[in-house]
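This report refers to the structure that appears directly beneath it.
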Amino acid sequence: MDSPSHSSVIIIGAGISGISAGKVLAENGIEDMLILEASDRIGGRIRKENFGGVSVELGAGWVAGVGGKEPNPVWELASQSGLRTCFSDYSNARYNIYDRSGKIFPSGVAADSYKKAVDSAIEKLRSLEANLDSEVTEQPRSPKTPIELAIDFILHDFEMAEVEPISTYVDFGEREFLVADDRGYEHLLYKMAEDFLFTSEGKILDNRLKLNKVVRELQHSRNGVVVKTEDGCVYEANYVILSASIGVLQSDLISFRPPLPRWKTEAIEKCDVMIYTKIFLKFPCQFWPCGPGKEFFIYAHERRGYYTFWQHMENAYPGSNILVVTLTNGESKRVEAQSDEETLEEAMGVLRDMFGPNIPNATDIIVPRWWNNRFQRGSYSNYPIISDNQDVHYIKAPVGRIFFTGEHTSERFSGYVHGGYLAGIDTSKSLLEEMRKQKERKSESQTFLLEPLLALTGSLEAVPSLHKCDIPTQLYLSGKVGLQEAIL
């Protein structure tokens, strides 16, 4: 059996965090790195699919946070690459709320319901901030009617920024742009990879990127890390950067020998995983309203989140005749567990409620399954609004020679593409600093050992062709020092 290959750094995962980390390492002279990716492609939760003649984004689809006082680094990458995007205006969605009879709620009713929902959420947030006991303080009334449930869904699952300032919008701006480019959002990762991995005609051919390598075990010690993959391969490195998602860290996909410390595992388990499922439907013709303020529309149902949030793709791809409906969490898990045919039937029932019984059937459907994907286990991390960030620090903190990265390690931008991008940069810089310190410690240790030895032997030159590592043995054999002194 061949001996394991050895690298300075192994990066586990070729999503945006892993690729941005590799780029920074390469820029700082670390060439002997290895990137192990479990799937057959780079990108992680950034994934395009050809559907209905266009490229749709099954995972991350927007550049969120544009137009503010600071430039969003992902928006800058998109601009440099000429990535085609479309501005998304969610503000009118609350005025396009359909009931089950196909009627749109009057704008006044919708606006009033929305204001009440925002006020209730703010009141609840203030109660949490004040750490008030729920038995003492009267809690805001829970949403009950279909319109209240629909607004609660879009407020908390899409527009939480109206309740609590979110760093992404505070720092980078409140505008969001949908990626609508045939090259896909993942094109940004390939452009980054080109800077340090050998590519040809848009394909990465560098043997330092290894696809279909499912890491199952990390053996770590003070001397390095041994990485074992599902196909029986073994790799060794001085350090590992682990960019697996928070959902994967919570699963049993990767085992650690020795196990991770309790403070680490407890923090990992505390973090919620958000599941965000965009279901795409292709139709032979358009039957929904288009025009200004009509891109997004809402379905009010007695069950919260039941095919609630809809978007047409006419702004992104005119004439595509594609609708997208977004499900989250419990509804996502339910839909992932059933057949696409059942999901199509449910979605068509909702559309016929809104637009009548005579609309055409969808000709195609695509249902991503992020929760059941063992390499992802969800869409993104979701930390509690009220948090002292201690859990984020623990999740991010290295354990020995294993460094952790990913959007879930970003204190300010968790859950966003730019959070993952910046986390990769931040983690690689931390690792580079640790490598610098380790080099200094090693140099100081060698100096400390050599000074008394040189005093005994005169100089290294006095012992021709003798390696410095052999000096303790030679001194012991010559009888000038005892065994313990020689080892030390």
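Key figures
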{"item": "Identity of the residue in segment 205-224, in a loop (DSSP other than H, G, I, E, B) and under 16 Å from GLY13 (Cα atoms), that ends up most open to solvent (accessible area, probe 1.4 Å)", "result": "ASN207"}
{"item": "Residue match in segment 225-244 (condition: within 24 Å of LEU422 (Cα to Cα), assigned to a loop (DSSP other than H, G, I, E, B) and within 23 Å of the chain's Cα centre (by Cα))", "result": "yes"}
{"item": "Single residue of segment 225-253 satisfying the filter (within 20 Å of SER430 (Cβ to Cβ) and of a type in the set (Ser, Thr, Tyr)) that is surrounded by the most Cβ atoms within 10 Å (Cβ to Cβ)", "result": "SER243"}
{"item": "Listing of strands (runs of 3 or more DSSP E) fully contained in segment 1-116 that carry 3 or more residues being at pLDDT 95 or above and under 19 Å from the mean Cα position of the chain (by Cα)", "result": "5-12, 62-66"}
{"item": "Cross-chain or 6+ apart pairs with Cβ under 7 Å, segment 97-123 first and within 17 Å of LYS294 (Cβ to Cβ), then surrounded by fewer than 13 Cβ atoms within 10 Å (Cβ to Cβ)", "result": "GLY102/GLY356"}
{"item": "Residues that are buried (at least 17 other Cβ atoms within 10 Å of the Cβ) and modelled with pLDDT under 90, drawn from segment 163-188", "result": "VAL163, ILE166"}
{"item": "Residues of segment 262-300 satisfying the condition of being closer than 24 Å to ASN329 by Cα, open to solvent by 30 Å² or more (accessible area, probe 1.4 Å) and not in a strand (DSSP E or B)", "result": "THR265, GLU266, GLU269, LYS270"}
{"item": "Members of segment 313-323 found to be surrounded by fewer than 22 Cβ atoms within 10 Å (Cβ to Cβ) and among the small types (Gly, Ala, Ser), listed by number", "result": "GLY319, SER320"}
{"item": "Which numbered condition LYS69 misses (of (1) of a type in the set (D, E, K, R); (2) open to solvent by 50 Å² or more (accessible area, probe 1.4 Å); (3) within 20 Å of LYS294 (Cβ to Cβ))", "result": "(3)"}
{"item": "Scope segment 397-428; condition crowded, with 21+ Cβ neighbours inside 10 Å, closer than 26 Å to ALA237 by Cβ, out of contact with any Pro (no Cβ under 9 Å at 6 or more places or on another chain) and not polar (S, T, N, Q); matching residues", "result": "PHE403, GLY406, GLU407, HIS408, GLY419, GLY420, ALA423, GLY424"}
{"item": "Looking only at segment 139-155, and only at residues there that are open to solvent by 40 Å² or more (accessible area, probe 1.4 Å) and over 16 Å from PHE297 (Cα atoms), the one that is modelled with the lowest pLDDT", "result": "GLN139"}
{"item": "Counted residues, segment 355-373 - those being open to solvent by 50 Å² or more (accessible area, probe 1.4 Å) and either free of Cβ contacts under 8 Å to residues at least 12 places away in the same chain or farther than 19 Å from ARG334 by Cβ (or both)", "result": "5"}
{"item": "Matching residues in segment 301-312 - criterion: being open to solvent by 10 Å² or more (accessible area, probe 1.4 Å) and either over 15 Å from ARG94 (Cα atoms) or β-branched (Val, Ile, Thr) (or both)", "result": "GLU302, ARG303, ARG304, TYR306"}
{"item": "Failed condition for ARG352, given (1) without any contact (Cβ under 8 Å) to a residue 60 or more places away in the chain; (2) in contact with an Asp or Glu (Cβ under 8 Å, 6 or more places away or on another chain); (3) within 29 Å of PRO106 (Cα to Cα); (4) open to solvent by 40 Å² or more (accessible area, probe 1.4 Å)", "result": "(2)"}
{"item": "Residue list for segment 247-259, restricted to those being under 24 Å from GLU37 (Cβ atoms) and touching a helix residue (DSSP H, G or I) at 6+ places or on another chain (Cβ under 8 Å)", "result": "LEU249, GLN250, ILE254"}
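The values are calculated or read from the model by the stated rules, or taken from the named source; none is laboratory data. This structure is a prediction, so every number in the text was calculated from the model and none was measured. Reconstructed Cβ throughout: ideal geometry from the backbone, glycine too, with neighbour counts over all protein chains shown. We work out accessible area using only protein heavy atoms, side chains counted, and drop any ligands, DNA or RNA first. Shrake-Rupley method; radii C 1.70, N 1.55, O 1.52, S 1.80 Å.
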